[in-house]
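Each value in this text was obtained by applying a stated rule to the coordinates, not by laboratory testing. Model, not experiment: these values are computed from the prediction. Heads up, the Cβs are rebuilt from the backbone with ideal geometry, glycines too, and the neighbour counts pull from every protein chain shown.
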Amino acid sequence: MTTLTDTAFTALQLLTQLDPVLWSIVGRSLWVSVLATAIACSLGVILGAWLGVARFVGRDGLLTVLNTLLALPSVVVGLLVYLLLSRTGPLGYLGWLFSLKAMVLAQAVLVLPVVTALTRQCVEDAERSHGEQLQSLGAQPWLRSVLLAWDERYALLTVLIAAFGRAISEVGAVMVVGGNIEGFTRVMTTAIALETSKGDLPLALALGFVLMSVVLLLNVCISALRRWRQRIDGSGVDPVQGMLV
Amino acid sequence: MSAVLSLKEVSVQFGAYRALHGVNLQMHLNERVALVGANGCGKSTLLRLAHGLLKASSGQVSVAPQVTQSMVFQRPHMLRTSVLRFVVCGMWLQGTPWRTAHERAMQALARVGLQDLAERSARTLSGGQQQRLALARAWALQPNFVLLDEPTSSLDPHAKREVERLMADWIATDGVSLMFSSHNLGQVKRLATRVIYLEAGRVLADLPVDEFFNRPLGDSHPEAYLFLKGELG
C-alpha cells in the first residue's frame with residue numbers, strides 16, 4: 001500500500017512539475033494519434049458512407065471482411081506494416097520504419113476499419129429510414145451517401161472520438177513499427193509497458209494518469225456533444241453511441 | 001385527354017411476397033386519384049412505383065415526358081438543417097442553383113405559413129408543421145403531378161385539417177394531378193375525383209368518387225362495399 005501511495009505521489013509530482021520527458025512523450029502520442037485518426041477518418045467516412053448506400057455484387061462479403069477487421073489485433077497490424085516498410089518490403093524505399101510516420105501509418109490502418117464500419121452502419125440505418133425521400137428528390141447513391149453522412153454528422157463525430165480513443169490506447173502496432181526509441185518514437189503506451197518492466201513505476205503511473213485523462217476527456221466530449229445535439233434539435237437517438245456501448 | 005401515368009399488367013414482387021398483381025391503370029391530367037384499402041394492400045407500393053422509386057417485376061409503367069413529379073411521404077424526414085435550407089436543398093437536388101432557390105423557397109414557406117420559422121431547425125417543428133414543410137418543399141419543386149402517401153395519417157385532427165386545406169388550395173390554384181393514399185374516407189370524398197380500391201395487390205374497384213360512395217356496390221364490388229361499411233375483415 002505504501003509503495004502504491006509513494007508511486008502515486010511521485011507520479012503526481014512528475015505531472016505537476018511538468019517533467020520534460022513525460023510531457024514530450026505525451027505530446028508525441030497525441031501528435032501520432034491525432035494524425036492517424038485524421039487520415040483514417042478522411043478515408044473511412046467516405047468509404048463507410050458509400051458502403052452504407054451502394055448496393056453491388058459482393059457487398060455482403062466485403063462487409064463480412066470489414067467487420068472481421070474490427071477485431072484485428074494491433075500487433076498483427078504492426079507486423080503487416082513492419083513487413084511493408086522493412087527494407088525488403090514493397091514500401092521499404094520510403095525509409096519510414098522506426099519513425100513516427102510508420103507509427104501514424106500503423107495506427108491509421110488499425111483505426112480505418114473502425115471508422116469505416118461504424119460510418120457504414122450509421123449511414124445505412126439513415127438510408128433505410130429516409131434514403132428513399134432523398135432518392136425521390138433525384139439524389140443518386142453517391143450524393144445520398146454524402147447527404148446522409150452530413151445529416152448524421154454528430155453521430156460521426158462520436159465515431160471520430162471513438163477512433164481516436166482506439167488509436168491513442170493501442171500499444172502493439174506502434175511498438176513493432178516504432179521500436180519505442182527514447183526521445184524519438186516512444187509514446188505513452190509503449191513507455192508505460194517499458195517503464196513498468198524496468199520498475200520505474202512513477203513515470204509509468206503518471207503516463208497512465210494522462211492516458212486515462214485523455215480517455216475521460218473523450219467521454220466528456222461525447223456526453224457534451226449528445227447534450228448539445230439534444231438541445232439543438234431535440235433528437236437524442238445516437239445509433240453509433242448505441243453500438244459503442 | 002393524354003395519360004400522365006400508365007400501368008399495364010404491372011406486378012411488383014418482394015421475394016415471395018407479391019405487393020402488386022397485374023395492375024392496369026391510366027391517369028390523366030388534372031385527375032385526383034385516391035388509393036384506398038386496408039394496410040398492406042399495395043397503396044404505398046403503387047405510389048412508389050408511379051414515382052420511380054420501385055421497379056416493376058413485370059408489366060409496363062410509363063410516365064408522360066411532360067410530367068414533373070413530387071412526392072410527400074407519410075412521415076417526412078427532417079434533414080438536420082434549418083426550415084429554409086430544407087426546402088432549398090430539395091430544390092438544389094432537382095437542379096435549381098442554391099442561391100437562386102432562396103426566393104422561391106421563401107414563397108413556398110409563406111404559402112404554408114412557415115415563413116416566420118425559416119431559420120429554425122426543421123427537427124424542432126411539430127408533426128403538423130413538418131408535414132406542411134414537406135408540402136412546401138414539394139410545392140417549391142413546381143410539379144404538375146403530386147403523389148402523397150397517407151399525408152395526414154400521423155397527424156392530430158387540427159394538423160390534419162390544416163394539411164388538407166393546403167392540399168385543396170394547391171389543387172384549386174395550380175390544378176395539379178394528384179395521387180394520394182388515405183384511410184380517411186371523408187378526405188377522399190373532399191379531395192379526389194376518382195377512387196381506386198386495392199386489396200392484396202389487386203385493383204378491385206376503380207370508380208369516379210361519386211360512384212364509389214353513392215352507388216350501391218354490394219353486387220358489383222362486394223369487397224369495396226364492405227370496406228366502405230367498415231365491415232371488411
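Within the stretch B:14-24, is even one residue over 21 Å from residue B:212 (Cα atoms), of a type outside the set (Lys, Arg), touching a helix residue (DSSP H, G or I) at 6+ places or on another chain (Cβ under 6 Å) and surrounded by 19 or more Cβ atoms within 10 Å (Cβ to Cβ)?
Here is the first cut: in the stretch B:14-24, the residues over 21 Å from residue B:212 (Cα atoms) are B:14-22.
Cutting the leftovers down to of a type outside the set (Lys, Arg) gives us B:14-17, B:19-22.
The next check asks that each one be touching a helix residue (DSSP H, G or I) at 6+ places or on another chain (Cβ under 6 Å); those that pass are B:19-20.
Remaining after also requiring surrounded by 19 or more Cβ atoms within 10 Å (Cβ to Cβ): B:19-20.
Scanning the stretch B:14-24 turns up at least one residue that is over 21 Å from residue B:212 (Cα atoms), of a type outside the set (Lys, Arg), touching a helix residue (DSSP H, G or I) at 6+ places or on another chain (Cβ under 6 Å) and surrounded by 19 or more Cβ atoms within 10 Å (Cβ to Cβ).
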Those residues of the stretch B:2-39 that are without any contact (Cβ under 8 Å) to a residue 40 or more places away in the chain and not polar (S, T, N, Q) come to a total of 4
Give me a count of the residues in the stretch A:185-205 that are within 19 Å of residue A:32 (Cβ to Cβ) and without any contact (Cβ under 8 Å) to a residue 12 or more places away in the chain. 0
Taking the condition of being surrounded by 14 or more Cβ atoms within 10 Å (Cβ to Cβ) and part of a helix (DSSP H, G or I), how many residues in the stretch B:191-233 meet it? 11
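Report those helices (runs of 4 or more DSSP H) wholly inside the stretch A:1-87 carrying at least 2 residues which are farther than 28 Å from residue A:109 by Cβ.
A:2-16, A:20-53
I'd like to know if the stretch B:27-37 contains one or more residues that are aliphatic (A, V, I, L, M) and within 11 Å of chain A (Cβ to nearest Cβ). It would help to see each step written out before you state the result.
Going residue by residue through the stretch B:27-37, those that are aliphatic (A, V, I, L, M) are B:27, B:29, B:33-36.
Cutting the leftovers down to within 11 Å of chain A (Cβ to nearest Cβ) gives us none.
Scanning the stretch B:27-37, I find no residue that is aliphatic (A, V, I, L, M) and within 11 Å of chain A (Cβ to nearest Cβ), so the answer is no.
What about residue B:53, is it under 19 Å from residue B:150 (Cβ atoms), free of Cβ contacts under 8 Å to residues at least 60 places away in the same chain and surrounded by fewer than 19 Cβ atoms within 10 Å (Cβ to Cβ)?
Numbers: under 19 Å from residue B:150 (Cβ atoms): yes; free of Cβ contacts under 8 Å to residues at least 60 places away in the same chain: yes; surrounded by fewer than 19 Cβ atoms within 10 Å (Cβ to Cβ): yes.
The answer is yes for residue B:53.
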Determine, yes or no, whether residue A:64 is surrounded by fewer than 16 Cβ atoms within 10 Å (Cβ to Cβ) and over 28 Å from residue A:211 (Cβ atoms). yes
Among the residues that make up the stretch A:125-132, is at least one of them within 14 Å of chain B (Cβ to nearest Cβ), in contact (Cβ under 8 Å) with a residue 60 or more places away in the chain, under 22 Å from the mean Cα position of the chain (by Cα) and more than 24 Å from residue A:190 (Cα to Cα)? no
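What residue, of A:102, A:155, A:149, is in contact (Cβ under 8 Å) with a residue 24 or more places away in the chain and within 30 Å of residue A:182 (Cβ to Cβ)?
Details: A:155 fails: within 30 Å of residue A:182 (Cβ to Cβ); A:149 fails: within 30 Å of residue A:182 (Cβ to Cβ).
Answer to the check: A:102.
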Here the residues within the stretch A:186-204 that are buried (at least 22 other Cβ atoms within 10 Å of the Cβ), in a helix (DSSP H, G or I) and hydrophobic (A, V, I, L, M, F, W, C) are A:188, A:191, A:203
Residues being in a helix (DSSP H, G or I) and under 20 Å from residue B:75 (Cβ atoms): count how many of those fall in the stretch A:123-154. 18
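Do we have residue B:63 as surrounded by fewer than 20 Cβ atoms within 10 Å (Cβ to Cβ), more than 21 Å from residue B:191 (Cα to Cα), hydrophobic (A, V, I, L, M, F, W, C) and away from chain A (no Cβ under 13 Å) here?
Details: surrounded by fewer than 20 Cβ atoms within 10 Å (Cβ to Cβ): yes; more than 21 Å from residue B:191 (Cα to Cα): yes; hydrophobic (A, V, I, L, M, F, W, C): yes; away from chain A (no Cβ under 13 Å): yes.
So residue B:63 fits the description; yes.
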